[in-house]
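Contents: one structure, followed by commentary.
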């Protein structure tokens, strides 16, 4: 199994956009473009989104940039391809994919980097991002929750409902050393399919901002961390590749 290819995304891919309907992808995409323009030295005309999922960020980024996407889940990419005709979307592991071209921006969002299991995996991933950046290009990474902020024992409910489907997801958190464990319980009622239940456990690697900055520097990028990101406790990690085109 590819390291970031969590089983949750196999079973739940078709419902992923429903349960995340609260997320403002348009606003986030505009902020990403602003960050890329401010810190990158290339103009940001070419954009690679790693762990692109169902393509919601690319849906907006493609309007002003040449875009490509990479994801480890065939099910998520199947949905993204319907949403993004004409955009090249590649099945691949974030540590090892090879596209034989470089980009002005490489993004990796919604804490997808947290699905990696070890620091060595993160270093390999950052190195791969650097390999796919033009000189002066910028990597924008939304990390997983900071260890000092992560709360074991937290219970969270998210729901979605329309005329044909009702979804309830209850999540509880625990911690095992440097890894978080989020235990998900899904209850899905769907017209013509009845009610189904399944559960998943998502394991995340907890790294401090100092550890993330160090790993990004070791990958050859000039790194900085912004405490405020899209979601509380996560921030944004930026890495600029030295040089100019």
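No lab work stands behind these numbers, since they all come straight from the coordinates. Only a predicted model underlies this, so the values are computations on that prediction, with no experimental measurement involved. Methodologically, a virtual Cβ is constructed for each residue, glycine included, from the backbone with ideal geometry; neighbour enumeration extends over all protein chains shown.
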Per residue Cα convex hull volume for region 7-82, in cubic angstrom? 92
Enumerate the whole-percent occupancy of each 5 Å bin, from 0 to the last occupied one, for all C-alpha pair distances of region 82-158. 3, 12, 19, 22, 17, 11, 9, 5, 2
Given the DSSP H assignment, sum -39500 (n - 2.57) over each helix run of at least 4 residues in the chain and divide by its residue total; what's the result at 222 nm in deg cm²/dmol, nearest 500? -7500 deg cm²/dmol
In range of the label at residue 183: residues from region 122-157 whose backbone nitrogen is under 19 Å from the point 7 Å along Cα→Cβ: 150-157
Can you put 169, 228 in order, fewest other beta carbons within 10 Å first? 228, 169
On the Cα set of region 155-205, report Rg and Dmax in Å, please. 13.4, 43
Sites residue 170 and residue 81, calculated FRET efficiency, Cβ-Cβ separation with R0 25 Å, nearest 0.05: 0.20
Over region 103-245, equivalent-ellipsoid semi-axes from the Cα gyration tensor in Å: 34, 18, 12
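In what sequence, highest mean first, do 179-188, 42-51, 211-220 appear when ranked by Cβ atoms within 10 angstrom?
For the peptides 179-188, 42-51, 211-220, the packing ranking is 42-51, 211-220, 179-188.
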I want to verify the translational diffusion coefficient of the chain in µm²/s; compute it with Stokes-Einstein, Rh as the Kirkwood radius over Cα pairs, at 10 °C and 1.306 mPa s. 86
